[in-house]
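Scroll down for the structure; my scribbles are underneath it.
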Amino acid sequence: MKYNSKEDFLKKVDAKYSNEKEFIQAVDEVINSIWDFSHQNQNYIDSNILDRIIVPERIMIFRVPWVADNGEVNVNTGYRIQFSSAIGPYKGGLRFHPSVNLGVLKFLAFEQIFKNSLTGLSMGGGKGGADFDPKGKSDREIMAFCQSFMNELYRHIGSDTDVPAGDIGVGGKEIGYMFGQYKKLQNNFTGVLTGKNPLWGGSLLRPEATGYGLVYFVDEMLSYHKKSIKGMTVAISGSGNVSQYACEKVIEMGGKVVTLSDSSGYIYDPEGISQEKLEFVMKLKENRSARISEYADKFNTKFVEGKRPWEVKCDIALPCATQNELDENDAEQLTSNGCILVAEGANMPSTKEAVHHFLNHKILFGPGKAANAGGVAVSGIEMSQNSTRVPLQREEVDVLLKSIMKNIHQTCIRYGSSSDFVNYVDGANIGGFVRVADSMIHQGIV
Ligand code: NDP
Ligand code: 2IT
């Protein structure tokens, strides 16, 4: 055996990737879950799956120059990480945010491998983006940036090679500008991006899919434990794509959402956010610079500046903004306030210590790679609609989304159950890993 112990393996990862702390965090979690399982299979050991699975197949890093409205010439750094193609073409979103760097995108691409595997669809793992800040930019500046980004990205992607989509800072508008530029450069109208507008090849329900899928997963977790979302008080962080549709589905299923947030702070509405109030948020946040504090002004509720919503009393917490937005103190506060379930709409929003706290306190904890897989699942369904050129109805996509979230929940139960507790972290990691590892073995040492 190459490594004496799990700790020995993780020590080498720490040393080698010391400047990629989020990537180390994501690898640490997966390795802790799969170590014993993977060491029961001699094939995995002989073909050194663990060493191979943590190294991306390919990384592109490139210059993205663009001209601002005032004539200033700017440059950002663009990335695409093609991490694993074991079970399908690379698939995963693009993030435009000033905090983007190699370590952040590597953690996201690594998580995506297992998430995509859990969906049961044929999608490998990838992620990309740029350290570009869309806040305060005009539409023309966003278009100029997206076109310049695609001027390099187009040579690396394709409907059977790598299919990017949205993430933080990238929604339908940005996907449209990037698709237009791809088509112009390649003279090829193909399903090379997902999250497209349904007028020209996008799937109905893709904007809703991550948030709705998250709540379908929560519903599975609760009903498996003989509980229901009806009447529960829910704290949600973020106020972007995932948060908005998570909020909508919770309201529809009879829960009460009392918080939303952004990087400036959170709003607390003890009466609950109604569908009408949510529509105000959706309209407001079409402008990425708009602040959630306007909700408090409009509806005369509390805005807590510079803080996160985890101090509010709730039954269910759904972190839906960004990585490491919920730490050990937050976790303690949530559990001491009686929270029974936490499910991650964002990718890795809970710190390692927060996850340990939840598991030690037997809180139902749904990790992102299982709970937020609905978005990429409907992206996979968009790819299949593009291949067949036959669009599905909204209700048909919804049925597929529900059944995929149910299957992911069953996979977590299968690999994560012990006599008195479901460890969804282990369940998701092992359940996602096994298909990728077996596929790598079938395809040889490549
Ligand atoms: P959006 O850009 O639509 O919204 C992001 C939200 O998170 C905003 O409210 C934003 O606030 C907040 N936020 C972002 N960065 C930070 C930060 N550093 N600190 C505090 N708040 C922050 O993105 P999405 O809703 O699409 O994505 C949210 C999360 O969900 C991400 O973790 C993403 O990876 C994950 N995800 C997204 C999927 C999708 O289909 N879109 C699928 C699966 C997971 P502000 O406006 O102030 O920046
Ligand atoms: O993190 C994610 O799963 C996404 N941002 C969605 C990826 C996709 O390809 O739809």
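One table, with the values for the structure above:
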quantity	calculated
Beta bridges by DSSP in the chain, antiparallel share as percent, to the nearest 5	60 percent
Of all accessible heavy-atom area on the range 288-446, the percent that carbon and sulfur account for (1.4 Å)	47 percent
Under 5 Å, built H, 5+ apart or other chain: amide partners of G238	S261, D262, C320
Cα gyration tensor shape for the range 214-269, rounded if a/c is under 1.5, else prolate or oblate	prolate
Overall form of the range 272-427 per C-alpha gyration tensor (a/c, 1.5; a/b vs b/c)	oblate
Potential lengthening between I441 and E332 on full extension [0.36 nm per residue; Cα-Cα distance subtracted]	35.0 nm
Exposure ranking of S243, S263 by accessible area [1.4 Å probe, largest first]	S263, S243
Theoretical gain in end-to-end length, N43 to K313 [0.36 nm per residue, Cα-Cα removed]	92.4 nm
Assigned charges on the beta-carbon of Lys, Arg, Asp, Glu; the range 1-131 dipole about Cα centre (debye)	280 debye
Length-normalised contact order for the chain - Cα pairs under 8 Å, 6+ apart - percent	16 percent
Potential lengthening between N360 and F280 on full extension [0.36 nm per residue; Cα-Cα distance subtracted]	24.9 nm
Cα gyration tensor category, rounded, prolate or oblate, for the chain with a/c compared to 1.5	rounded
R0 of 45 Å, Cβ-Cβ distance N101-K226: FRET efficiency to nearest 0.05	0.55
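The values are calculated or read from the model by the stated rules, or taken from the named source; none is laboratory data. What you see is a predicted model; the values in this text were computed from it and never measured. In this analysis, Cβ positions are derived from the backbone assuming ideal geometry, glycine residues included, and neighbour counts consider all displayed protein chains. Calculation scope for accessible area: heavy atoms of the full protein, side chains included, ligands and nucleic acids excluded. Shrake-Rupley method; radii C 1.70, N 1.55, O 1.52, S 1.80 Å.
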